[in-house]
Amino acid sequence: MVFNYLTTHRLKLCFLPLLVAIAMQASRLSTQDLHSFYLSLQKNFTSLTIFSISLILGWTLYIMNRPKPVYLVDFSCYLPPSHLKASVKKIMHHVRVVRESGKWGKSDENEYLMDFVTKILERSGLGQETYVPEGLHCLPIEQSMVGSRKETQEVILGAVDTLLRNTGISPSEIGILVVNSSTFNPTPSLATIIVNKYKLRENIKSFNLGGMGCSAGVIAIDVAKSLLQVHRNTYALVVSTENITQNLYVGNNKSMLVTNCLFRVGGAAVLLSNISKDRKRVKYKLVHTVRVHTGSDDRSYGCATQEEDEDGVVGVTLSKDLPMVAARTLKINIATLGPLVLPISEKLLFFVTFLRKKFFNPKIKHYMPNFKLAFEHFCIHAGGRALIDELEKNLHLSPLHVEASRMTLHRFGNTSSSSIWYELAYTEAKGRMKKGDRTWQIALGSGFKCNSCVWVALRNVKASADNPWEECLNKYPVEIDI
């Protein structure tokens, strides 16, 4: 009877050896003992069934709610046409002509300010082939809305065209769109320009990030990552750029003139996916994003501000607190990222040094972990030579580790939030990205913010078609005068 009862259940095959043993044991029992044994077995099977169902439900809930891996299918960086190249000599000649025409600042301060700008350009780390938008090549310079729109549309549509061509993805497959541009945000938005151009679907989840500075590229990736956890089996398009035409400062404030010397035309488009079958063809997997925002502190909030100067000319003011604020925000980001990526040996050294400093000798310096044990490649925002120098020194990096950042600054200038993608494109073009390699993208921006992305290569990565470095790669690296 017991055997017949049990064999009516679907688990009989799994428990067949056990059932045979039970049947053999049951044959030796009396009727009363057999009845007791049957009741005990029935109770145990009820418990086993409840446990099995709970286990299956728990596993199902875990599978359904676990974070979906986010993959980087491919990315592209915009390469402006060659007629937009501007050497330092050409820029200075153009600025001199404009200033002498009375269209830029006060004429009695021309020589003083020209000397200042010349020194900044010579020490900036920028080369002779960076790109300036078409409106600023004109005499007089053109800073109209039409010119600004033209620049930004050429950049973002050029980058997206290349990306879609290289990946073979149909625009209708894109479910999420995130665009960031800090100081140029027209109506309709830049995201809407992309929706209209590529006829993206009506239920597209589109976002337009503005005013978030040079670190907004990482913020855009983090926003897309969060959305990909909610919306399954779709693609996310992330576009990062900045507008130069409208944001050229034409006043006499030295602090505001610095941005003119560093920022250049550029942009990038990135395609992310959470589709499991894409793993075989993607380049990277997103491992971590870390965002730090110290805007609650007044000095952080005001260290980089867009405002009018004493003559009513709009520009971006950089305060004297910027180096201190940047160092503090970077320190917080590193302290947050370190436990996620560093090997246990580095964590122990950091912890021991912290205890010694706190309880025994306050004069002991903080231990800077060896991040070369956690990453093979570093993409440091090409915000300027001083920024790259400082991070190279504080993180104890070699010249090879910061080569991509220095060469990007030299070749393309500070392209704002897209600079970290030109750096990754450089690493790929050089054939240095191997399967399993880890890459740290780090960017700083107004607010003040410091944001990090960590990627791992899922294969030996080769440069995609139309890589922005393919025509000039043989010239790099170049020696940069200190």
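If R0 equals 51 Å, the separation of the Cβ atoms of LYS430 and PHE51 corresponds to a calculated FRET efficiency of about 0.35. Close amide H partners of THR317, meaning residues 5 or more places away or on another chain with modelled amide H under 5 Å apart, are THR305, GLN306, GLU307. Computing FRET efficiency as 1/(1 + (r/R0)^6) for GLU173 and GLU390, where r is the C-beta to C-beta distance and R0 is 51 Å, gives about 0.75. Accessible area per residue for the range 287-475, computed on protein heavy atoms with a 1.4 Å probe, is 47 Å². Working note: Karplus 6.51/-1.76/1.60 with θ = phi - 60° gives the range 110-124 the couplings 4, 5, 4, 6, 5, 4, 4, 5, 4, 5, 4, 4, 5, 9, 6 Hz, where Gly and Pro are set to x.
When nucleic acids and ligands are ignored and a 1.4 Å probe is applied, ARG459 ends up with an accessible area of around 80 Å².
Just by accessible area at a 1.4 angstrom probe, what is the order of PHE207, PHE359 from largest to smallest?
Numbers: PHE207 75, PHE359 135 Å².
Descending order: PHE359, PHE207.
When you count the other C-beta atoms within 10 angstrom of each residue and take the mean per peptide, 167-178, 277-288 line up highest first as 167-178, 277-288. Between the range 178-257 and the range 426-482, the C-alpha centres lie 21 angstrom from each other.
All Cα-Cα separations within the chain were binned at 10 Å from zero, giving a P(r) of 4, 17, 25, 21, 12, 7, 5, 4, 3, 2, 1, 0, each value a whole percent of the pairs.
Less than 5 angstrom separates the built amide H of HIS288 from those of VAL454, all sequence-distant by 5 or more or on a different chain.
Could you do me a favour and compute the accessible area per residue for the range 162-201, 1.4 Å probe, result in Å²?
Here the residues of the range 162-201 average 39 Å² of exposed surface.
Cross-link check: pairs LYS199/LYS449; LYS90/LYS254; LYS285/LYS434; LYS150/LYS285; LYS277/LYS434 evaluated at a Cα-Cα cut-off of 23 Å; pairs beyond the cut-off: LYS199/LYS449; LYS150/LYS285. Couplings 3J(HN,Hα) for the range 448-464, derived from phi with the Karplus relation 6.51 cos²θ - 1.76 cosθ + 1.60 (θ = phi - 60°), are 10, 10, 9, 10, 10, 10, 10, 10, 10, 6, 8, 6, 5, 8, 9, 5, 6 Hz, where x marks Gly and Pro.
Taking Rh as the Kirkwood radius computed over C-alpha pairs, what is the Stokes-Einstein D of the range 340-482 at 10 °C in a medium of viscosity 1.306 mPa s, expressed in µm² per second?
Numbers: Rh = 16.6 Å.
It comes out at roughly 96 µm²/s.
Principal-axis analysis of the Cα atoms of the chain puts helix 31-65 at an angle of about 10° to the longest axis. The share of accessible area on the range 70-284 that comes from carbon and sulfur is 53 percent, using a 1.4 angstrom probe.
If you look at the Cα atoms of the range 70-284, you get an Rg and a Dmax of 19.5, 66 Å. Put simply, the amide H of TYR235, placed in the peptide plane, has neighbours under 5 Å in GLY175, ILE176, leaving out anything fewer than 5 places away on its chain. The share of accessible area on the range 287-475 that comes from carbon and sulfur is 58 percent, using a 1.4 angstrom probe.
Across the range 317-323, rounded Karplus estimates of 3J(HN,Hα) from the backbone phi angles (6.51 cos²θ - 1.76 cosθ + 1.60, θ = phi - 60°) give 8, 10, 7, 6, 7, 4, x Hz, Gly and Pro being marked x.
Averaged over residues, the count of other Cβ atoms within 10 Å places the peptides 448-456, 398-406 in the sequence 448-456, 398-406, highest first.
Protection proxy ranking, highest mean first, for peptides 49-59, 289-299: 289-299, 49-59, where packing is the per-residue count of other beta-carbon atoms within 10 Å, averaged.
Residues ARG432, ARG264, ARG165, ARG66, sorted by accessible area with the largest first, give ARG165, ARG66, ARG432, ARG264 [1.4 Å probe; ligands and nucleic acids excluded].
The values are calculated or read from the model by the stated rules, or taken from the named source; none is laboratory data. Keep in mind that what you see is a predicted model, and the values were worked out from it rather than measured. Ideal geometry is used to build each Cβ from the backbone, glycine not excepted, and the neighbour counts take in all protein chains shown. Just the protein is used for accessible areas: all its heavy atoms, side chains included, with ligands, DNA and RNA removed. Shrake-Rupley method; radii C 1.70, N 1.55, O 1.52, S 1.80 Å.
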